[in-house]
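Below is one structure; the comments refer to it alone.
The values are calculated or read from the model by the stated rules, or taken from the named source; none is laboratory data. Remember, it's a predicted structure, so these values are computed and weren't measured experimentally. Note that each Cβ is placed from the backbone with ideal geometry, even for glycine, and that neighbours are counted across all protein chains shown. Ligands, DNA and RNA are excluded from the accessible area calculation, which covers all protein heavy atoms including side chains. Shrake-Rupley method; radii C 1.70, N 1.55, O 1.52, S 1.80 Å.
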Amino acid sequence: MELMIKSGGPFLYKGERCTIGAVILLKGLPYMVTVSHIFRHGEGDHLTVDGRKLTVTSILKAFDLALIELPPVCTFEITEFGSAAELEQAVLVNDIHAIKCRVVNAGASLLFLGFRCYNMPEPGDSGSPILQAGKVIGIISSITLDTCMGIAISSNVIRSLEDKEVKDEV
């Protein structure tokens, strides 16, 4: 049975389980979005999604994002984005677990998250989507264990990629 490629789903890189942050359309083509710091070489690195070998299409170093073009024959679900509500509950979600957190501050490109110190994300959780009201508001990028805080790339950044690509065509 074919796996649905979607936000929070898994992929493999160098034998390690990693997480899909979002699936977006750029110029009408589906792309997977995750954090770029997990890839050793960046563009051209290979990963496996649902048994298919894919290649990192582009790296946006300023935002710690990697884009991976999906083949047209795969089954995918486009991610629905929301805007972060400050001081409200949120949840980090992937195929292994869900971890509650709170949005402490929502800037234009970064979200600052507070986690319970006894229930922190783990290294394999990088790239996991952060949800509020069932919509992706960001993708986890880093964790500071001694403060129980996390930083996520805001959905505003990912949405701006979609908008930028559409504007480039006009």
In the range 37-135, the chymotrypsin sites (Phe, Trp or Tyr not before Pro) that fall in loop regions by DSSP, at most 11 other Cβ within 10 Å = Tyr118
Under the Karplus relation with 6.51, -1.76 and 1.60 and θ = phi - 60°, whole-Hz ³J(HN,Hα) for the range 12-19, x at Gly and Pro, equal 10, 9, 6, x, 9, 6, 10, 10
Centre separation in Å (Cα based) which lies between the range 83-125 and the range 17-68 = 21
Looking at this model, which pairs from Lys6/Lys135; Lys6/Lys53; Lys100/Lys135; Lys61/Lys135 are more than 18 angstrom apart at the alpha-carbon?
-> Lys61/Lys135
Relative contact order (percent, whole number), the chain, Cα cutoff 8 Å, 6+ residue spacing | 22
Compute the acute angle (0 to 90°) between the alpha-carbon long axis of helix 155-169 and the principal axis of greatest extent of the alpha-carbon atoms of the chain; round to the nearest 10°.
-> 30
Report the net charge of residues surrounding Arg116, where surrounding means a beta-carbon distance below 12 angstrom and charges are Lys +1, Arg +1, Asp -1, Glu -1.
-> +2
For the chain, accessible area per residue (1.4 Å probe, heavy atoms of protein chains only), Å² = 51
